[in-house]
Structure formats: C-alpha cells, structure tokens
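Asker: Sharing a structure, written as structure tokens. Questions coming.
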Amino acid sequence: MGRIIAIDFGEKKTGIAVTDELQIIASGLTTIATKDVISFLKDYISKENVELFVVGKPKQMDNSDSQSEALIIPFLEKLSKEIPNILIQRVDERFTSKMAFQTMIDSGLKRKQRRNKGLIDEISATIILQSYLYNQ
C-alpha cells in the first residue's frame, strides 16, 4: 500500500497531510506556498510510495461549488498533467477551517499560536484526509 496525501489548496498557502503506509493514521505534514506545491509533491513522491491525492472540494451550504473552486480546477489539471500516475479524488471540505481552529483551541494553543494560518491549513488537510479515510 502507498501513502495517501491530502491537499487543502489555498490561493497563497496549501496545507498537506499524509497517511502512514497502511493508510490508517492521518498526520499533518506541512504548509507550503501554493506556487511550490507541484514541485514539493514531485520531490515527496520520489522518496515515498504515494498512491492517491485527496484534494478538498469547497462547497457552499446549498451544495454548489464555492468560488475558490475556480482556483482549484487549474491546479488539478496541472497536477494530473505533471504527476499522471497518481489518482486524484475530491472530498467535501466544508467547515474544515472552523474545525481546525477549534482543534487548536481544544489542544490548548495560545491565542498567538492560533493566528498561524499555516497551521490551520495543515490541520485542515489532516481533517480532509481523516474524512476520506473514515468514508472508505
């Protein structure tokens, strides 16, 4: 089995989470500048066995696509072109940022630490990945 990588795509920063090789545990990996995501992923898969990318799909409450989906589509096209041998699946990411922020509060992070947008993105990617694993 290969690892699964979850991507919480953002206009400026993107959160990345990854499973263990048995696809049991989802862990935050990093947050990187969105412009560097493809090169980061290429480097990562050169060292690790990855079988799937899970990318968050932002939705409105009425189940229609969020405005940020327009930014994600070109990224997905580029990702599938640059790394064609790894499948991409989408997962509803509604409320992941709020859940990530609540996770930070629940874990006792101080207010200054909770302002770290990169950490929120990484935790959001982890929640996306946990959601994917739970629904499989």
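The numbers here are math on the coordinates, done by the rules we state, and not lab data. Fair warning: this is a prediction, and the values are worked out from it, not measured in the lab. Using ideal geometry, Cβ is built from the backbone for each residue, glycine included, and neighbour counts are taken over all protein chains shown.
Asker: Considering only the chain, what is the antiparallel percent among its DSSP beta bridges, to the nearest 5?
Answerer: If we restrict to bridges inside the chain, about 50 percent are antiparallel.
Asker: Counting only helical runs of four or more DSSP H residues, what would the 222 nm mean residue ellipticity of the chain come to if each run contributes -39,500 (n - 2.57) and the total is spread over all its residues? The partial results should precede the final answer.
Answerer: On the way: 5 runs with 58 residues, N = 136.
It lands at -13000 deg cm²/dmol.
Asker: Let me spell out the model: positive unit charges on the Cβ of Lys and Arg, negative unit charges on the Cβ of Asp and Glu, origin at the Cα centre of the stretch 3-134. What dipole size does that give, in debye rounded to 20?
Answerer: Values: 19 positive and 18 negative charges, 131 e Å.
For this selection, approximately 640 debye.
Asker: Moving on. Hey, can you grab everything whose amide H is under 5 Å from the amide H of LYS59? Only 5+ residues off in sequence or another chain; H modelled, so Pro and N-termini drop out.
Answerer: Residues meeting the amide H criterion: SER66, GLU93, ARG94.
Asker: Using the Karplus curve 6.51 cos²θ - 1.76 cosθ + 1.60 with θ = phi - 60°, what ³J(HN,Hα) values do you get for each residue of the stretch 122-129, in whole Hz, with x for Gly and Pro?
Answerer: 5, 5, 4, 4, 5, 5, 4, 5
Asker: Taking amide H atoms as placed 1.01 Å from N in the peptide plane, list the residues 5 or more away in sequence, or in a different chain, whose amide H sits under 5 Å from that of LYS13.
Answerer: THR34
Asker: Computed FRET efficiency, Cβ-Cβ of SER66 and ILE86, R0 22 Å: what is it to the nearest 0.05?
Answerer: Computed FRET efficiency for SER66 and ILE86 comes out at 0.35.
Asker: What would the Debye formula give as log10 I(q)/I(0) at q = 0.14 Å⁻¹ for the alpha-carbon point model of the chain, no solvent?
Answerer: Computed log10 I(q)/I(0) values: -0.60.
Asker: What share of all Cα pairs of the stretch 1-73, in percent, falls into each consecutive 5 Å distance bin?
Answerer: Cα pair-distance distribution for the stretch 1-73, in percent: 4, 15, 25, 23, 16, 12, 5, 1, 0.
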